[in-house]
Amino acid sequence: MVDRLVITDIGHRGDGVASSPGGPLFVPYTLPGETVDADAVQGHPDRRHLLRVVLPSPDRVEPFCEHFGVCGGCAIQHWAEPHYRAWKRELVVAALQQAGIDAPVDDLIDAHGEGRRRAVLHARQGTKEIVEVGFSALRAHTLVPIDRCPVLAPAMEGAIDAAWAIADVLGPLKKPLDIHVTGTLNGLDIDVRGSGPLDAARASALAGVAASGRIARITRHGDMVALVAPPVVRMGKAQVTLPPGPFLQATALGEETLAALVVEHAGRAKTALDLFCGLGPFSLRLAERSRVTAIDSDPMAVEALSRAAQATPGLKQVTAVKRDLFRLPMPAIELSAYDAVIFDPPRQGAEAQAREIARSRVKNVVAVSCNAATFARDSAILIGGGYKLMRVTPVDQFKYTAHVEIVARFVR
């Protein structure tokens, strides 16, 4: 059954929202003010497939990617920039308001830069024994085969071709592959997941793929398959050699922007504690003026950070420590020894750690988040402990999606 709907708003996932007697309906790739025809999504009574735009919004623009609307990677390429930016900032404002927090929120900073420096490509066994490589369709397991992606950075040149070549070597595929690709200074760093054990012939063939293109390293579930050159990224003055399958901020400019805000908010701190430090994008820059203790649960990230700090002249002492901050958060009494505390947890936030910070005497706290809802929850904990939320800055490195990064400063 086809419904004719009037879109009134954009939801927090980037879908258009229409009213109905049964509640809101969500229609992707639509804009406020548009009249559209849509049909039901099986198993999801509040969702609709867009069939056609009957009356388009004057704010609708032509998407720049031929795969937009089929590939699930981007949610919004069809909205004029000023409206898109206002909506993305509003995601942060709304999350804070829902938590009962009234705080100043800066304008959105565009940190797309040259584009994404990492991506996960999927390979599936298609029809007629042909392997297909691409991205997932919107909220579906369907694969959208692609040969180009305009949101990728120049450092990712050759990533899609490399993924196709790897899938071809490993095919026919008994189960799907996830091919994690990161653009580095020395070429592409690729970790293949889901292949199962490699026999000598396929391992040799993958080494041949690595030798034939702009590839620095190929690993399988973190185990070395081929190394042409160490995969290295720059963080401030330091160069960090990546462990397999590393976590990095999505864009180089995104990392630089977040780090610049963190360093600004840390101010003249002589000692800084960087919680959930990862590879050290904040620690290595903070260490240009502060002694830093950096903590993360990933032992390979901690080791990579430690080596980079030791190899970089001009930095103050960086002490990198492995610790699971979810199971064993830093206690308030230890936190109080630092001039500034920075915490940048995964999407689930850091509720337990926030409670310890709220009980501490640290005067300056910098929170970094990739999830507005958990950021608001953790912020409420700090405010309840006596902190004042001074500034909130939304950063857009996942451009054309509903994801937004946040940097905030709390003072006691």
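Summary of computed values
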{"quantity": "Flagged links, alpha-carbon separation over 30 Å, of 270/388; 88/322; 270/322; 316/399; 316/363", "calculated": "88/322; 316/399"}
{"quantity": "For region 313-392, size of Cβ-based charge dipole, Lys and Arg +1, Asp and Glu -1, in debye", "calculated": "80"}
{"quantity": "Accessible surface of the chain [probe 1.4 Å, protein heavy atoms]: carbon and sulfur percent", "calculated": "53"}
{"quantity": "Candidates 183, 349, 196: whichever shows maximal mean-square fluctuation once the chain is modelled as a Gaussian network with Cα springs under 10 Å", "calculated": "196"}
{"quantity": "Residue-normalised accessible area of region 207-351, expressed per residue, 1.4 Å probe, Å²", "calculated": "43"}
{"quantity": "Within a Gaussian network of the chain (alpha carbon springs, distance under 10 Å), most fluctuating of 230, 244, 104", "calculated": "104"}
{"quantity": "Interchain or long-range residues, amide H under 5 Å from residue 336's placed H", "calculated": "361"}
{"quantity": "Options (i) 26.3; (ii) 21.5; (iii) 18.9 - which one matches mean projected area of the Cα convex hull in nm² as calculated here", "calculated": "(ii)"}
{"quantity": "Chymotrypsin sites (Phe, Trp or Tyr not before Pro) within region 332-412: DSSP coil, no more than 11 neighbouring Cβ in 10 Å", "calculated": "none"}
{"quantity": "Length-normalised contact order for the chain - Cα pairs under 8 Å, 6+ apart - percent", "calculated": "13"}
{"quantity": "Residue-normalised accessible area of region 103-156, given per residue in Å² at a 1.4 Å probe", "calculated": "51"}
{"quantity": "Max mean-square fluctuation residue, GNM over the chain, Cα-Cα springs under 10 Å, options 57, 212, 283", "calculated": "212"}
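The values are calculated or read from the model by the stated rules, or taken from the named source; none is laboratory data. Model, not experiment: these values are computed from the prediction. Cβ coordinates were reconstructed from backbone atoms using ideal geometry, including for glycine residues, and neighbour counts include every protein chain displayed. With ligands, DNA and RNA removed, areas are computed over all heavy atoms of the protein, side chains included. Shrake-Rupley method; radii C 1.70, N 1.55, O 1.52, S 1.80 Å.
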